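Structure record follows, encoded as structure tokens.
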Amino acid sequence: MQKSKAGSGSDRAPAVRVIKKYPNRRLYDTDTSTYITLAEVKSLVMENELFVVRDAKTNDDLTRSILLQIILEEETAGVPIFTEQVLANIIRFYGHAMQDFMGAYLEKNVQIFMDLQHKMTEQSTGANPEAWKQFMNVQSPMMQGMMGTYLEQSRNAFTQMQEQMQKNSEQMLAALGLKR
């Protein structure tokens with residue numbers, strides 16, 4: 001699910017924190033032996049804690065469902081990230097032949113953007129509010145460089161997606177005995 005914090009130096013995979021969801025909709029953290037809220041699960045995400053949410057009766061993995069619930073709460077309480085148009089466009093990809101490609105493309109782009117955000121945070125530590133304002137100015141050379149890098153990486157991710165689609169199409173046509 002999430003990347004874990006640095007371990008104790010061993011090569012073992014880090015332990016996955018298990019959260020059980022009971023029929024009464026309560027979440028139980030097996031690490032701390034306490035019931036936790038959705039806000040506390042969000043904190044685990046923010047802290048890059050490795051965890052999984054399991055149904056207490058069936059042991060089914062409910063992690064995606066809980067993460068979607070957190071996103072829904074965030075989207076309805078304040079300034080949303082997704083506009084109605086973006087949500088409608090995402091919905092249109094479900095069941096479409098491009099669904100797998102779109103998911104991979106979005107995942108790559110979000111990771112590229114997260115990397116950009118990390119670099120910006122590193123370079124702005126200790127900056128006073130005025131320096132931060134100048135740093136965030138889209139016209140600043142540093143911001144232009146970072147945004148240029150982001151756009152280039154995004155373009156590369158899109159190109160890779162197009163190449164994969166073309167390769168898949170050619171394989172499908174070849175399997176049907178058709179050539180391009």
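Counting only residues that are charged (D, E, K, R) and more than 14 Å from R26 (Cα to Cα), the stretch 55-70 holds 3 of them.
When the criteria are applied in full, S43 meets the requirement of being of a type in the set (S, T, Y) and under 24 Å from H118 (Cα atoms).
Tallying residues that are on the phi > 0 side of the Ramachandran plot, over 25 Å from the mean Cα position of the chain (by Cα) and modelled with pLDDT under 95 within the stretch 6-55 yields 1. Got a number for residues in the stretch 134-178 being of a type in the set (A, V, I, L, M), modelled with pLDDT of 65 or more and not in a helix (DSSP H, G or I)? Summing the residues that are of a type in the set (A, V, I, L, M), modelled with pLDDT of 65 or more and not in a helix (DSSP H, G or I) in the stretch 134-178 gives 2.
Considering (1) within 15 Å of the chain's Cα centre (by Cα); (2) modelled with pLDDT of 90 or more; (3) basic (K, R), the lone condition that K3 does not fulfil carries the number (2).
The values are calculated or read from the model by the stated rules, or taken from the named source; none is laboratory data. What you see is a predicted model, and the numbers here were worked out from it, not measured in a lab.
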